[in-house]
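Notes follow once the structure below has been shown.
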Amino acid sequence: MGIANNFRRRLWKTPLRDLVRGRITGRLDIDRLLEESSLSEAAAGKVRNVVKRTRLWRLEKVDVANELIAHFFDGIEGGTPIEELIENFGDEKQTAKLIRRAKKRQRPVVWQAFAWARLCFAVFFGVYFVAALYLMTGSPSVTTDYLVILNRKAAGVPADEAAWPIYREALLEMGYSEHGDDRKFPIDAHYRPGDEEWPQLSVFLTEHAGALARVREAADREKSGYLMGFHTTPDDAIIFEPWDGVEDPYSGPHPSLMRLDILKNLGPMRLLARLMSADCARALEAGDADTAYADILTQLGLARHTAEQATLVSGLVRISILAHTYKTTQEVLVSRPDLWTDEQLRNLAHRFAAIDIRPEDMLNGGRLYFYDYLQRTYTDDGHGGGRVVSPLPDDLQIIRGSTAKDVAGIASRPALAAMMAPRDEIRKMYDGLMDRAIIETRRPLWLHDESEAVEETVEKLRQSSMRNRIRYMPVLLSMTFHSTVRTTLQTEAGLRDGVLVGIGLELYRREYGAWPGALEELVPGYLPGVPVDRLTGEAVRYLVTEDGPVVYSVGVDGDDDGGRPPVDQESEPKNDMASPNKFTGEARSETEHDGDWVLWPVPWEE
Amino acid sequence: MKIERELMRGAGPVAVLKLLEPGEKYGYELVKALAKRSDGVLAMGQSTLYPMLYNLQAKGLIASRMDKAENGRPRKYYRLTGKGKKRLAHDTQQWQAVTAAMGALGITGNLQGA
């Protein structure tokens, strides 16, 4: 039966280039070509099957068809029977495959490049798809409530012995509120005598003497009993905005601990410490020794309560409150040396000396946060292992101050997941570095070896191959605080040494009517021993000037500058510039830190 | 005797290039010449010949042109290119070296003398 040769068919079987030239040739019609060739049905079928199976472009098919038809006719004309030609033709499928492969090699370079690009793209997406599937088939299992562990100490406090409810009542009485968007308090507690706004603050403190007495009562209690968490308790709702927790993308007993604002008590506690410091200044003006003394003890209690939850942040806030307490104590001793009795001074010295800040509390708190992150982002094989199912540590990103999630970042998740180390390897590396960090934090700064420091190990990893950086990404993002903890603790210890020596010096002066010639004269009556310079390991330096005694460390530059603190750009004394907070391997030789770290009297910045 | 496919893959293209050395030929002509001049050893059907020709053309070793045969049908003629001639010279040397080595091993040449 003949093939219809209508216009539509011819149009459909005409190459575009012919159409553009206005010619409807129908030369892509292989069936018509075979029909017109008069080739036997068997041979034509052979050609048709092969050409069809090549899946080449239509023009290429026509070319192949023409060549195969010509071959048959050449054979027939050469005297070979058609049956023999068909028999010698070869396997149709194999022929089509080989012809297709060979013909594609003849295609233009642009097409070849495109084909390779397409192949690469397909392979990439294939791998990506498999990785994504691999990711999606696992889920993290949140099995440990680290919040309970962190709250263990606070949760054991009987309600009638807890300090926090009293603090809360006092805050409410003074007008503290976090309802609405902003924290509200009637007055700025930073002002000091001499400031223009000081009279208003002084009046506020006087008017709220009752609330301050409550704060003193609370600070005297052993424990705070504040429970950190993701929900505002009904009791706390009197000062805090009712809070139903954060959106939790995971299942589990609570959202990720990485949400920093779960310690909502820190801000109010800091404020109370500021108020007590201001009240101490007010009492000092009024010559009220007992109130000033009580206010110092209250600040110590607030600092202790702040760190009831062993977290990094609460530890740092505690140190901040303590530093402010030392400053307030110094203000009293320098401006009214005779305000406090010998007994009050000795008691203060004992209280300061008893302060014990354990670096492991701060760093291990961070460790619990990291474990919590692991259980939320890795599967658990029951033996410590597991694979990451949510590779981008969004919560860690929050700590780094960035919540940006770009499209590329999200799209790369499966690829990242495939490259990231398994759970047990990550935890082992993190624990190893944290254990080293705790040991380093306890080690005196003069024995600190920069080349063996944890931060050097982390930095090397950060500078290593992209593969390593991705593989250990959670560790790299987490190991960022230990050096701050180390120098902050050393700074606090140095400031405490300073205030203890200051108290000892005042007691000595009262007894002998003059300053000692050397700090050794304070031992053992006024000091258990001469403190060591936290930066060198030698005894702290001491000299008596026209203005009184000066106790100092040689500072980060290691040179004795005669008790002269570094100055800032406005030539104002800048004590912090020589303190351990500026301690790095390089800082020792930097001239910008030229000067001593003055421990008594500290040139506190206003 | 039909030779192994792998061997054919090495020998076939050189044989085709050699057959095109004197001048252009069309597909069936090559099939016949291969079968005749190799005593059937290098005989190949369309399934082998045309993919091979297309490959050689893709590599630029041969070129083709369409023309009309005596019977008026379109027919494609293949000829060696300059690149093809160089390749043929190179491959010929290679095959001669292989043949000599095989001869020395008593695999090709006068087996009696081995």
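Values quoted throughout were computed directly from the atomic coordinates according to the rules given, and no laboratory measurement underlies them. Quick caveat, the model's predicted, so the values are computed rather than measured. Neighbour counts run over all protein chains shown; Cβ positions are idealised from the backbone, glycine included.
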Of A:Lys61/A:Lys104; A:Lys46/B:Lys59; A:Lys223/A:Lys264; A:Lys52/B:Lys32, pairs whose Cα-Cα distance is over 22 Å
A:Lys46/B:Lys59; A:Lys52/B:Lys32
With +1 on each Lys and Arg Cβ and -1 on each Asp and Glu Cβ, how big is the dipole of the protein assembly as shown about its Cα centre, in debye rounded to the nearest 20?
9220
For the protein assembly as shown, whose charge dipole is built from +1 on Lys and Arg Cβ atoms and -1 on Asp and Glu Cβ atoms, the candidate among A:Gly529, A:Trp515, B:Pro22 with its Cα farthest towards the positive end is B:Pro22
Long-range alpha-carbon pairs in the protein assembly as shown, meaning those over 47 Å apart, account in percent for 50
Any idea what angle helix A:164-173 forms with the longest principal axis of chain A, computed on alpha-carbon atoms, 0 to 90 degrees, nearest 10?
80
Using the Cα gyration tensor of region A:513-600, with a ≥ b ≥ c the square roots of its eigenvalues, what is the shape: rounded (a/c below 1.5), prolate (a/b larger than b/c) or oblate (neither)?
oblate
Expected integer from the mean partner chain Cβ neighbour count at 10 Å over B:52-64 is 3
Tilt, helix A:289-306 to longest principal axis of chain A (alpha-carbon atoms), in degrees rounded to tens, equals 20
Going by how many other Cβ atoms sit within 10 Å of their own, how do A:His305, A:His383 line up, fewest first?
A:His383, A:His305
Rounded to the nearest 500, the 222 nm mean residue ellipticity computed for chain A from DSSP H runs (n ≥ 4, each -39500 (n - 2.57)) alone is -17000 deg cm²/dmol
Direction-averaged shadow area of the convex hull around the Cα atoms of region B:5-103, nm²?
6.8
Overall form of region A:7-107 per C-alpha gyration tensor (a/c, 1.5; a/b vs b/c):
oblate
Projecting the Cα atoms of A:Val388, A:Ala303, A:Gly126 onto the charge dipole of chain A, where Lys and Arg contribute +1 and Asp and Glu -1 at Cβ, the residue farthest towards the positive end is A:Gly126
Ranked on Cβ counts within 10 Å of their own Cβ, fewest leading, B:Ser64, A:Ser335 go A:Ser335, B:Ser64
Nearest 10 degrees, 0 to 90: what angle lies between the long axis of helix A:359-377 and the longest principal axis of chain A (Cα atoms)?
20
If you put +1 on each Lys and Arg Cβ and -1 on each Asp and Glu Cβ, how big is the dipole of chain B around its Cα centre, in Debye rounded to 20?
440
Hey, got the average number of other protein chain Cβ atoms within 10 angstrom for residues in A:66-79?
6
With unit charges on the beta carbon (Lys/Arg positive, Asp/Glu negative), name the residue among A:Leu445, A:Pro337, A:Ile82 whose Cα is farthest towards the positive pole of the charge dipole of the protein assembly as shown.
A:Ile82
